[in-house]
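Quick note: the coordinates plus some simple rules give every number you see, no bench work behind them. As the structure is a prediction and not an experimental result, all values here were calculated from the model. Note that we place each Cβ from the backbone using ideal geometry, even for glycine, and neighbour counts take in every protein chain shown.
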Amino acid sequence: MSTIQKIEDLKVWQKARLVNLEIYKLSNKGSFSKDFGLRDQIRRASVSVLSNIAEGFERNGNKEFNQFLSIAKASAAEVRAQLYVAKDLEYISNDQFTEVVNGLIEVSKMLSGLMSYLKTAEIKGSKFMEEGFVYGTPQL
């Protein structure tokens, strides 16, 4: 297992970042770009996913991290709901919808897995660790 030292090392954050980029690309085209309310809301919710992963990670405690991951997971569901609206209004194609929703489902599953891990992890976060350890793995 590799050492997680920064937010960019987390696969779930990397995947959320890619999904966020797709949301921005889709919402920057055609009628979607002119629906300011939906466009801005879906972007804010999408940014919230990776922002909450990052903020929780930097809290350095498993309970707080879990809380922020839960918020990120809820934001991912919010983006999915808004994608249905975009699809229903024909702002995006069925293929675009399916691709992004599948990415969000993957992010949600990854978040659930990380949340489960944090609940049972012996190490409770870097603020509770002995010197020489970073997020549960010894520094060599």
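Would you confirm, using the coordinates I've provided, whether residue 8 is within 28 Å of residue 121 (Cβ to Cβ), more than 10 Å from the chain's Cα centre (by Cα) and of a type outside the set (Ser, Thr, Tyr)? Yes, satisfied.
Among the conditions (1) out of contact with any Leu (no Cβ under 6 Å at 6 or more places or on another chain); (2) over 16 Å from residue 115 (Cβ atoms), residue 17 misses just one, which is (1). Kindly establish whether residue 92 is of a type in the set (A, V, I, L, M, F, W, C) and in a helix (DSSP H, G or I). Considered against the rule, which asks whether it is of a type in the set (A, V, I, L, M, F, W, C) and in a helix (DSSP H, G or I), residue 92 comes out as no. Can you name the condition, by its number, that residue 60 falls short on among (1) surrounded by 16 or more Cβ atoms within 10 Å (Cβ to Cβ); (2) closer than 20 Å to residue 9 by Cβ? Just one mismatch for residue 60, condition (1). Scanning segment 1-48 for residues that are hydroxyl-bearing (Ser, Thr, Tyr) and under 22 Å from residue 93 (Cα atoms) gives 24, 27, 31, 33, 46. Looking across segment 20-67, the residues that are of a type in the set (Lys, Arg), farther than 20 Å from residue 114 by Cα and in a helix (DSSP H, G or I) come down to 25, 34, 39, 43, 44.
Please count how many residues of segment 2-32 are touching a helix residue (DSSP H, G or I) at 6+ places or on another chain (Cβ under 9 Å) and closer than 24 Å to residue 60 by Cα. Number of matching residues: 14. One residue stands out among those in segment 102-121 that are more than 14 Å from residue 18 (Cβ to Cβ) and of a type in the set (S, T, N, Q): the one that is farthest from the chain's Cα centre (by Cα), which is 120. Scanning segment 38-51 for residues that are surrounded by 23 or more Cβ atoms within 10 Å (Cβ to Cβ) and either in contact with a Phe, Trp or Tyr (Cβ under 8 Å, 6 or more places away or on another chain) or hydroxyl-bearing (Ser, Thr, Tyr) (or both) yields a total of 2.
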